[in-house]
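The values are calculated or read from the model by the stated rules, or taken from the named source; none is laboratory data. Everything numeric here is computed off the predicted structure, so don't read it as measured data. Note that we place each Cβ from the backbone using ideal geometry, even for glycine, and neighbour counts take in every protein chain shown.
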Amino acid sequence: MSVDQKMDSGRRNLLLATSAAGGVAAVATAVPFVASLTPSERAKAAGAPVEADVSKLAPGEMMTVEWRGKPVWILRRTEEMLASLEKTEGLVSDPASDRPMQPEYAKNQYRSIKPEYLVTVGICTHLGCSPSERLKTGAESGLGADWPGGFLCPCHGSKFDLAGRVYSSMPAPDNLEVPPHQYLADTLLIIGDDGKA
């Protein structure tokens, strides 16, 4: 073998080794990059339905669960709270939730599947602020002696009754949203799935 052939063989081996090392480096770099493009477990879970156990929720108490990054309120209403809905019916702008943004099972006075439980997204329909619960009635609520209980959006003053129905002449155009949900058992809800898919 001549000196020129030995040099060409050495160059070829060096070129092959360099190419192989470059290919391995490219794959090693591409794998984490491609993996970063897939949704994280947290992102997958953010859109997934969530379960809520309301068995320990006493009458008059409210709990909050997160679904799709939104607070979902579950209020277990007392008999007095349910009775107040008749009194507020003439004061709210959409008493039967006739606007198409609500599921069919929210188109009633209670805006719920079971009258005892209100399930609603705790975001004002005006500008997306977060209302606060004002469940206490009368002067103790800070909203006047005739306040029957409900929710107040402190940003622009929208008021909602204990069914999440917006009072007339308020900045919020619609009732609080009722998310898709269903009961898996008597006191176990799944929020984000109402079985219609």
- Message: Quick check on segment 59-76. Is at least one of its residues assigned to a loop (DSSP other than H, G, I, E, B), closer than 20 Å to VAL166 by Cβ and either free of Cβ contacts under 8 Å to residues at least 40 places away in the same chain or not assigned by TED's automatic domain parsing to the domain that holds ASP186 (or both)?
- Response: no
Within segment 97-112, the count of residues that are over 18 Å from GLU61 (Cα atoms) and part of a loop (DSSP other than H, G, I, E, B) comes to 10
